[in-house]
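Since the structure comes first, as structure tokens, the remarks are kept for the end.
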Amino acid sequence: PMYRSGFLLAGAAPAWAGISNYVGLEDGVVTAKEISLMNLADADLVVLSACQTATGDVLKDGVYGLQRAFKNAGAKSIIMSLWQVDDEATYLMMSCFYKNRFELGMSKYDAFTAALRQIRTKFPESSHWKSFILLDPEIR
């Protein structure tokens, strides 16, 4: 299951199309398995603002996907989405979150919940803001 989640970096099109001219080189395809083998113990927060980044294969011991990969690699907290997200709402959500966290000095949890409240004023439909979740926010 950890090979079915991941993301594509710039230049990954040939590898994704099955053209194997990357022998011994990075192909631009990053799987959840590859992420899980990284050392991200110093990563306080990983933000996955694309669509459905919290999803994966559900097995008896949990969900296997990007969130498990980043947690296995040592990331402390993850912001991710459960379903399709609107581009404008996502932009506003992330802008508000980063401003709250780094300009205003809020905790991850407070910055995240404040950002959700802020985007709800412009996008009252829950589908625009309810998709985002914060895993392991270290509430203080």
*Which ones in the stretch 121-140 are surrounded by 15 or more Cβ atoms within 10 Å (Cβ to Cβ) and closer than 19 Å to SER107 by Cα?*
PHE132, ILE133, LEU134, LEU135, PRO137
*Does LEU66 count as open to solvent by 70 Å² or more (accessible area, probe 1.4 Å) and of a type outside the set (S, T, N, Q)?*
no
_Among the residues listed as ALA15, ALA54, ALA75, ALA10, the single one being of a type in the set (Gly, Ala, Ser), under 12 Å from the mean Cα position of the chain (by Cα) and modelled with pLDDT under 90_ = ALA54
*asked:* Being in contact (Cβ under 8 Å) with a residue 24 or more places away in the chain, farther than 17 Å from ALA111 by Cβ and open to solvent by 10 Å² or more (accessible area, probe 1.4 Å) is the filter here; which residues of the stretch 73-87 pass it?
replied: GLY74, LEU82, TRP83, GLN84, VAL85, ASP86
*Which residue, of LYS33, LYS60, is surrounded by fewer than 18 Cβ atoms within 10 Å (Cβ to Cβ), more than 16 Å from LEU135 (Cβ to Cβ) and without any contact (Cβ under 8 Å) to a residue 12 or more places away in the chain?*
LYS60
_So in the stretch 18-39, with the set limited to residues that are of a type in the set (S, T, N, Q) and closer than 24 Å to VAL63 by Cα, which one is modelled with the highest pLDDT?_
ASN39
*What number goes with the only condition from (1) part of a loop (DSSP other than H, G, I, E, B); (2) at pLDDT below 95 that GLY105 does not pass?*
(2)
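Condition first: farther than 15 Å from SER131 by Cα, within 16 Å of the chain's Cα centre (by Cα) and free of Cβ contacts under 8 Å to residues at least 24 places away in the same chain. Now tell me which residues in the stretch 88-110 satisfy that.
The answer is SER95, TYR98.
The values are calculated or read from the model by the stated rules, or taken from the named source; none is laboratory data. Keep in mind it's a predicted model, so treat the numbers as computed, not measured. Heads up, the Cβs are rebuilt from the backbone with ideal geometry, glycines too, and the neighbour counts pull from every protein chain shown. Just the protein is used for accessible areas: all its heavy atoms, side chains included, with ligands, DNA and RNA removed. Shrake-Rupley method; radii C 1.70, N 1.55, O 1.52, S 1.80 Å.
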